[in-house]
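Colleague: First the structure, then my questions, so here it is.
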Amino acid sequence: MTKKLGVAVMAVLLLLYIFAVAQLAVGLLLSGDAVAVTMGVALAVLPVVGVWGLVVEIMFGMRSERLLGRLEGEGALPSEPVPLLTSGRPERDAAEAEFPRYRAEVEASPESWQAWLRLGLAYDASGDRRRARQSVRRAIALERAAR
């Protein structure tokens with residue numbers, strides 16, 4: 001629940017920032033000065049990109065959370081919890097020791113969204129966020145294609 005609250009707070013702050021930038025862009029566009037209008041056009045693009053990025057990230061979070069719920073409902077979440085450090089982060093060595101099992105599962109069943117999601121969890125536990133997101137995106141795409 002605290003993660004959802006954090007996302008909501010960050011989304012509200014981003015929307016406030018986007019609103020402020022949009023107001024500044026409109027003011028520059030209405031100034032009539034050529035340099036200010038050019039800057040206003042450039043600033044007008046930022047809110048659009050910001051809203052797009054916010055929507056994409058929220059949709060990714062909702063879809064991945066839904067898949068995690070399904071995986072948990074199937075009783076297919078990784079059964080061995082990775083030991084945590086006092087900071088709350090997973091012990092990297094322990095996470096990396098579990099990783100080959102999940103990679104082999106994906107290699108054996110590349111069309112399984114469950115296998116890709118578990119691989120994403122393994123990547124995340126070992127600290128490789130980029131590959132974790134790629135694996136979860138692959139899981140989402142496979143699950144959507146299967147529907």
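Colleague: Hey, among the residues in segment 51-66 that are surrounded by 13 or more Cβ atoms within 10 Å (Cβ to Cβ) and not hydroxyl-bearing (Ser, Thr, Tyr), which one's farthest from Trp113 (Cα to Cα)? Before the answer, list the steps.
Modeller: Within segment 51-66, the first condition is being surrounded by 13 or more Cβ atoms within 10 Å (Cβ to Cβ), and the residues that meet it are 51, 54, 57-58, 60-61, 63-64.
The next check asks that each one be not hydroxyl-bearing (Ser, Thr, Tyr); those that pass are 51, 54, 57-58, 60-61, 63.
Details: Val51: 28, Leu54: 25, Glu57: 20, Ile58: 20, Phe60: 15, Gly61: 16, Arg63: 12 Å.
Per the criteria, the residue is Val51.
Colleague: Right, something else. Please determine, by comparing only the residues of segment 67-83 that are loosely packed, with under 12 Cβ neighbours inside 10 Å and either in contact with an Asp or Glu (Cβ under 7 Å, 6 or more places away or on another chain) or among the charged types (D, E, K, R) (or both), which one is modelled with the lowest pLDDT. If you could, list the steps in order and put the result at the bottom.
Modeller: Of the residues in segment 67-83, the ones loosely packed, with under 12 Cβ neighbours inside 10 Å are 69, 72-75, 79-81, 83.
So of that shortlist, the ones also either in contact with an Asp or Glu (Cβ under 7 Å, 6 or more places away or on another chain) or among the charged types (D, E, K, R) (or both) come out as 72, 74, 80, 83.
Details: Glu72: 91, Glu74: 90, Glu80: 69, Pro83: 78.
That would be Glu80.
Colleague: When you look at Ala8, is it farther than 30 Å from Arg66 by Cα and either modelled with pLDDT of 90 or more or in the same structural domain as Arg66 (by TED's automatic domain parsing) (or both), yes or no?
Modeller: Answer is no for this residue.
Colleague: Related question: Can you tell me which residue among Ala145, Ala132 is surrounded by fewer than 14 Cβ atoms within 10 Å (Cβ to Cβ) and outside any loop (DSSP other than H, G, I, E, B)? Steps first, answer last, please.
Modeller: On the way: Ala132 fails: surrounded by fewer than 14 Cβ atoms within 10 Å (Cβ to Cβ).
Checking each option against the conditions leaves just Ala145.
Colleague: Which residues, taken from segment 101-129, are of a type in the set (Asp, Glu), in contact with a helix residue (DSSP H, G or I) (Cβ under 8 Å, 6 or more places away or on another chain) and not in a helix (DSSP H, G or I)?
Modeller: Selection gives Glu111 alone.
Colleague: What pairs come out if I take residues in segment 63-78 that are not assigned by TED's automatic domain parsing to the domain that holds Leu117 and pair them with residues that are acidic (Asp, Glu) and in a helix (DSSP H, G or I) whose C-beta lies under 7 Å away, six or more apart or interchain?
Modeller: Here the result reads Leu67/Glu143, each pair linking segment 63-78 to a residue that is acidic (Asp, Glu) and in a helix (DSSP H, G or I).
Colleague: Among (1) touching a residue at least 24 places away in the same chain (Cβ under 8 Å); (2) not in a helix (DSSP H, G or I), there is one condition Glu98 misses while meeting the rest; what is its number?
Modeller: Evaluating Glu98 over (1) touching a residue at least 24 places away in the same chain (Cβ under 8 Å); (2) not in a helix (DSSP H, G or I) leaves (2) as the failure.
The values are calculated or read from the model by the stated rules, or taken from the named source; none is laboratory data. All figures in this text were calculated on a predicted structure; none of them were measured in a lab. Here the Cβ is made from the backbone with ideal geometry for all residues, glycine too, and neighbour counts use every protein chain on show.
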